[in-house]
Amino acid sequence: MISLLRKPKGTYDLFNEPLKEFKALKSHLETLLERYGYQEIKTPIFEQSEVFHREGELSDMVQKETYNFKDKGDRSLTLRPEGTAGVIRAYIENKMYTNALVKLYYFGPYFRYERPQKGRFRQFYQVGMEAIGEKSPLLDAEIISLSYQIINSLGLKDVTIYLNSLGDRKAQMNYKDTLKAYFTPYKDELCGDCQRRITENPLRILDCKIDQNKKFVKNAPISRAFLNAEDLKYYHHLKEYLTAMNVSFKEDDKLVRGLDYYTQTVFEIKADIEGFGAHNVLGGGGHYENLVSDLGGPQRSGTGVAFGIERLLEALKLAEISLAKEEIIDVYLIQMTEKAALKALEVITSLRKENFTVYFDYYQRSFRAQLKEALTLKARYLIIIGEDELANNYFTLKNTKTEKQEKVTLEKMIRTIRKDDNTQK
Ligand code: AMP
């Protein structure tokens, strides 16, 4: 006999109330983003591996956490671990760069082979936005203010935007070399991962959960000391724009991001909500000066952000904010005799055709049981079909709020239910 099958580690099933909240959040975000002039883009869940595995992309996420496989045609494919690279591949392939500015958003599942923990999954959802055009701090201001807007529109408090600049690739190389030299004497005091990071990716030592609070890590050189004059000015303008747009933020000297394609601006949105746990980064993003050209496109700059949907949902839950509207059930049909089944099906079909939400009891339980369920579901109307209704060809319709009960035909029933439809829905 087959043993009990379980979902893959790090995944989850979504149904009932949590799914309602998920759908309501998705719809809230879509409405907001479309109002801000963002167009949705849906890209494949898997891409040619090179879309993510590019030269110079040494991040742990891409190097160690991707799901890679070969299809039957021997093509190397990768399940997308993040949204930006696939969107930029599509931007280039569909020649969207002929527009001066392109604003796109995406929503969907992403896959990373990470150690599952609270707030960290192997399949998780993200919503992300990209503004792509000429290099300008205005692109960053656009995306960061939008991120701020998302948090505010959800009613979340105790959330902070942290900002930093990593400079261009040259600045980052110099910074990395300096960090390598700085951390080498402390090697034995670093965790196993960070010992490896000294040579491979010393920036990530700065945001290592284990090491980041050690004194020598806190005292490490900061990236902004390596910025060229142009990027310093860029960073300065960005801060000015954000202030002008009333977006509050904090600077964080040690902020680096998990991906290597960011240049200049990086930022993170963190929740300081009690009970949230260690993985409290709701979203993060930054500017990418070279990604479009690295993927074979023209010289374009972009700025993007991605929020983790599970983390937004958790933040909403802890803040006791529900976005899901209560489902309104228009009618509960009670059938009191087995003979009423055919009539009941007829009525239900007609009502559903009129777009009413109709429930009924498939098992013909007792009147009391059916009534109890109808009241629990807060159905607006009850329709009762019993011996007398069948014999005399009418239906009993009862408004559960006013308790008014009347004998009606099907047409009258539809008119009555529809009449106060707008006032109730
Ligand atoms: P990143 O693409 O790493 O910048 O991630 C953007 C956001 O996605 C993070 O701030 C998290 O909210 C969310 N996220 C990233 N990885 C995971 C994961 N493994 N499980 C759940 N959420 C994640």
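The values are calculated or read from the model by the stated rules, or taken from the named source; none is laboratory data. Worth saying up front: this structure is predicted, and the values here are computed from it rather than measured. As a convention, Cβ positions derive from the backbone with ideal geometry for all residues, glycine included, and neighbour counts pool all protein chains shown.
A single entry from E310, E326, E314 fulfils the requirement of being outside the structural domain of E40 (by TED's automatic domain parsing) and either within 16 Å of the ligand (Cβ to nearest atom) or out of contact with any Lys or Arg (no Cβ under 6 Å at 6 or more places or on another chain) (or both): E326. The residues of the range 122-167 that are among the acidic types (D, E) and crowded, with 18+ Cβ neighbours inside 10 Å, listed by number, are E130, D140, E142. Does S153 satisfy the condition of being over 15 Å from the mean Cα position of the chain (by Cα) and touching a residue at least 40 places away in the same chain (Cβ under 8 Å)? Taking the combined requirement at face value, the residue does not satisfy it.
Within 12 Å of the ligand (Cβ to nearest atom), assigned by TED's automatic domain parsing to the domain that holds Q39 and within 29 Å of N246 (Cα to Cα): does that describe V102? It is false that V102 is within 12 Å of the ligand (Cβ to nearest atom), assigned by TED's automatic domain parsing to the domain that holds Q39 and within 29 Å of N246 (Cα to Cα). Considering the range 37-85, the residues that are of a type in the set (D, E) and surrounded by 13 or more Cβ atoms within 10 Å (Cβ to Cβ) include one that is farthest from the ligand (Cβ to nearest atom), namely E50. Note on the range 1-26: residues that are β-branched (V, I, T) and at pLDDT below 95 total 1. Just to verify a result, which residue in the range 109-155, among those that are in a loop (DSSP other than H, G, I, E, B) and more than 16 Å from the ligand (Cβ to nearest atom), is farthest from F46 (Cα to Cα)? This residue is G155. Contact map, the range 301-317: first residue closer than 23 Å to K103 by Cβ and touching a residue at least 24 places away in the same chain (Cβ under 8 Å), second residue near the ligand (Cβ under 9 Å from one of its atoms) and hydroxyl-bearing (S, T, Y), Cβ cut-off under 8 Å, separation 6 or more or different chains; pairs are G302/T84; G304/T84; A306/T84; G308/Y125; I309/Y125.
Looking at the range 64-83, can you tell me whether even one residue there is within 17 Å of G128 (Cβ to Cβ), in contact with a helix residue (DSSP H, G or I) (Cβ under 6 Å, 6 or more places away or on another chain) and aliphatic (A, V, I, L, M)?
Taking every residue of the range 64-83 in turn, none turns out to be within 17 Å of G128 (Cβ to Cβ), in contact with a helix residue (DSSP H, G or I) (Cβ under 6 Å, 6 or more places away or on another chain) and aliphatic (A, V, I, L, M).
Residue under question is S136, and the condition is that it be under 19 Å from G286 (Cα atoms) and modelled with pLDDT of 95 or more; does it hold? No: the conditions fail for S136. Checking each residue in the range 61-90 for being part of a helix (DSSP H, G or I), in contact with a Lys or Arg (Cβ under 7 Å, 6 or more places away or on another chain) and either of a type in the set (F, W, Y) or under 25 Å from P202 (Cα atoms) (or both) picks out only M61.
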